[in-house]
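The values are calculated or read from the model by the stated rules, or taken from the named source; none is laboratory data. None of the values given here were measured: they were computed from a predicted structure. Every residue, glycine as well, gets a Cβ built from its backbone with ideal geometry; the counts of neighbours run over all protein chains shown.
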Ligand code: KIV
Ligand code: ZN
């Protein structure tokens with residue numbers, strides 16, 4: 001099995017399904033260029049048949065992007081698939097991603113189709129798509145809540161028709177990591193031609209477990225593609241977050257043993273761009289891309305980090321695109337952090353006694369003020385020189 005983990009970004013398709021996150025063609029193109037700089041393997045650019053605007057956006061991205069595969073979603077029917085292929089014509093590498101629901105609930109209540117009809121439609125869709133491109137991905141929507149025996153029949157059939165990626169969505173974020181990982185593993189074992197496809201995971205975050213479920217799908221299930229979005233943007237509570245899954249695999253390479261092509265230094269620029277474009281603010285304590293992800297406020301932590309960064313940092317802020325980590329001065333800060341900040345500000349205090357006196361005044365101020373800025377420190381030191 002390959003040791004390469006394919007990163008499939010769906011910010012511009014599933015991410016855009018987040019209420020209020022709709023983007024213009026130009027905004028999507030700008031983000032697609034950043035995703036290319038980030039070196040994601042596949043960019044799902046949209047759903048070409050959904051609207052004229054989405055068609056144009058997928059087409060513009062397909063025409064512009066050279067270093068990532070560009071993909072369009074399509075329902076399992078000829079019209080959607082033909083529209084996707086048309087929008088993707090200019091792509092250096094193109095993928096059609098077709099889907100149909102396979103859970104009893106979706107088939108009966110939403111599609112109003114029998115199992116045999118769904119199976120036949122999936123086969124026909126992949127057969128049709130196969131005439132338009134070699135790179136076909138198939139998703140059984142609500143796959144995780146589907147009957148495994150029926151799901152295995154569908155998957156075996158679409159692989160026979162030429163689907164090269166099999167994506168198993170946890171469409172409603174119902175999965176639990178161990179169970180999802182086991183589900184993928186058992187399914188792969190049931191499908192006789194499973195090794196002719198790359199298996200993929202697509203997890204939603206309704207119970208806050210999209211990243212954990214995706215990683216279990218990789219580790220336990222043997223999936224080699226993860227579908228994810230920048231900042232975890234997506235329908236309802238969102239999708240698996242790209243920055244978290246990528247940094248988990250990179251930071252814990254000892255455990256996963258996998259390579260990802262993504263350039264982590266482009267993660268924060270991508271995160272900021274998506275946040276600014278959609279107006280979705282990033283929570284400060286969000287892993288990797290939150291403003292506090294590399295900020296140290298407690299005196300003990302600050303002292304540790306100033307002596308050796310790995311005492312309290314498992315990743316480098318600079319590696320994911322921040323300019324530096326942050327020592328936040330406040331009432332919990334110690335003398336060491338205060339002294340370091342004086343040096344950074346170019347403030348020279350002659351004696352240890354002067355530093356001690358300034359530190360006492362700093363602590364006094366910090367008791368009254370939640371965060372101390374550089375201007376506060378300069379004012380504090382200047383006050384002292386005036387009173388001397
Ligand atoms: O969540 C889902 O099931 C999807 C599919 C269309 C892949 O987004
Ligand atoms: Zn989805």
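Among the residues of the range 61-79, those that are more than 16 Å from ligand 2 (Cβ to nearest atom) and either farther than 13 Å from residue 122 by Cα or touching a strand residue (DSSP E or B) at 6+ places or on another chain (Cβ under 8 Å) (or both) comprise 61, 62, 63, 64, 65, 66, 67, 68, 69, 70, 79. Scan the range 195-218 for residues that are within 15 Å of ligand 1 (Cβ to nearest atom), part of a helix (DSSP H, G or I) and out of contact with any strand residue (DSSP E or B) (no Cβ under 8 Å at 6 or more places or on another chain) and the total you get is 0.
In the range 269-298, what count of residues is obtained for those that are assigned to a loop (DSSP other than H, G, I, E, B) and either more than 10 Å from residue 231 (Cα to Cα) or free of Cβ contacts under 8 Å to residues at least 24 places away in the same chain (or both)? Please lay out each step first, then the result.
The initial filter retains those residues of the range 269-298 that are assigned to a loop (DSSP other than H, G, I, E, B), namely 279-294, 297-298.
Filter once more, keeping what is either more than 10 Å from residue 231 (Cα to Cα) or free of Cβ contacts under 8 Å to residues at least 24 places away in the same chain (or both): 279, 281, 283-285, 290-294, 297-298.
The total comes to 12.
Taking the range 55-75 as the range and being under 18 Å from residue 139 (Cβ atoms) and surrounded by fewer than 24 Cβ atoms within 10 Å (Cβ to Cβ) as the test, the residues that pass are 69, 75. Just one of the listed residues (100, 81, 96) is touching a helix residue (DSSP H, G or I) at 6+ places or on another chain (Cβ under 6 Å), in contact (Cβ under 8 Å) with a residue 12 or more places away in the chain and outside any strand (DSSP E or B), namely 81.
Taken over the range 7-34, residues that are within 15 Å of ligand 1 (Cβ to nearest atom) and either on the phi > 0 side of the Ramachandran plot or in a strand (DSSP E or B) (or both) amount to 2. Within the range 327-336, the residues that satisfy the criterion of being touching a strand residue (DSSP E or B) at 6+ places or on another chain (Cβ under 9 Å) and free of Cβ contacts under 8 Å to residues at least 40 places away in the same chain are 327, 333. Restricting attention to the range 142-153, the residues being surrounded by fewer than 24 Cβ atoms within 10 Å (Cβ to Cβ), within 22 Å of residue 128 (Cβ to Cβ) and within 16 Å of ligand 1 (Cβ to nearest atom) number 1.
On inspection, residue 175 passes the criterion of being out of contact with any strand residue (DSSP E or B) (no Cβ under 6 Å at 6 or more places or on another chain), surrounded by 23 or more Cβ atoms within 10 Å (Cβ to Cβ) and at pLDDT 95 or above.
Residue-by-condition table, conditions (1) surrounded by fewer than 21 Cβ atoms within 10 Å (Cβ to Cβ); (2) within 23 Å of the chain's Cα centre (by Cα):
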| residue | (1), (2) |
| --- | --- |
| 93 | yes, yes |
| 108 | yes, no |
| 123 | yes, no |
| 126 | no, no |
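Looking across the range 17-29, the residues that are closer than 18 Å to residue 279 by Cβ, surrounded by 15 or more Cβ atoms within 10 Å (Cβ to Cβ) and modelled with pLDDT of 95 or more come down to 23, 25, 27, 28. When the range 35-48 is filtered for residues that are within 13 Å of ligand 1 (Cβ to nearest atom) and not in a strand (DSSP E or B), only 47 remains.
For the range 184-193, taking the residues that are more than 16 Å from ligand 1 (Cβ to nearest atom) and either outside any helix (DSSP H, G or I) or touching a strand residue (DSSP E or B) at 6+ places or on another chain (Cβ under 8 Å) (or both), the one that is farthest from residue 15 (Cα to Cα) is identified as 192. Residue 110: under 27 Å from residue 245 (Cβ atoms), assigned to a helix (DSSP H, G or I) and free of Cβ contacts under 8 Å to residues at least 60 places away in the same chain, yes or no? So residue 110 does not fit the description; no. Being under 16 Å from residue 212 (Cα atoms), touching a residue at least 40 places away in the same chain (Cβ under 8 Å) and assigned to a loop (DSSP other than H, G, I, E, B) is the filter here; which residues of the range 234-257 pass it? Once the filter is applied, which keeps residues that are under 16 Å from residue 212 (Cα atoms), touching a residue at least 40 places away in the same chain (Cβ under 8 Å) and assigned to a loop (DSSP other than H, G, I, E, B), the range 234-257 yields 237, 238. When residue 371 is tested against (1) under 32 Å from the mean Cα position of the chain (by Cα); (2) within 28 Å of residue 251 (Cβ to Cβ), only condition (2) is not met.
Given 162, 221, 238, 181, which one is touching a helix residue (DSSP H, G or I) at 6+ places or on another chain (Cβ under 6 Å), at pLDDT 95 or above and within 14 Å of ligand 1 (Cβ to nearest atom)? Step through it out loud before you land on a result.
Numbers: 162 fails: within 14 Å of ligand 1 (Cβ to nearest atom); 221 fails: within 14 Å of ligand 1 (Cβ to nearest atom); 181 fails: within 14 Å of ligand 1 (Cβ to nearest atom).
When all the criteria are applied, what remains is 238.
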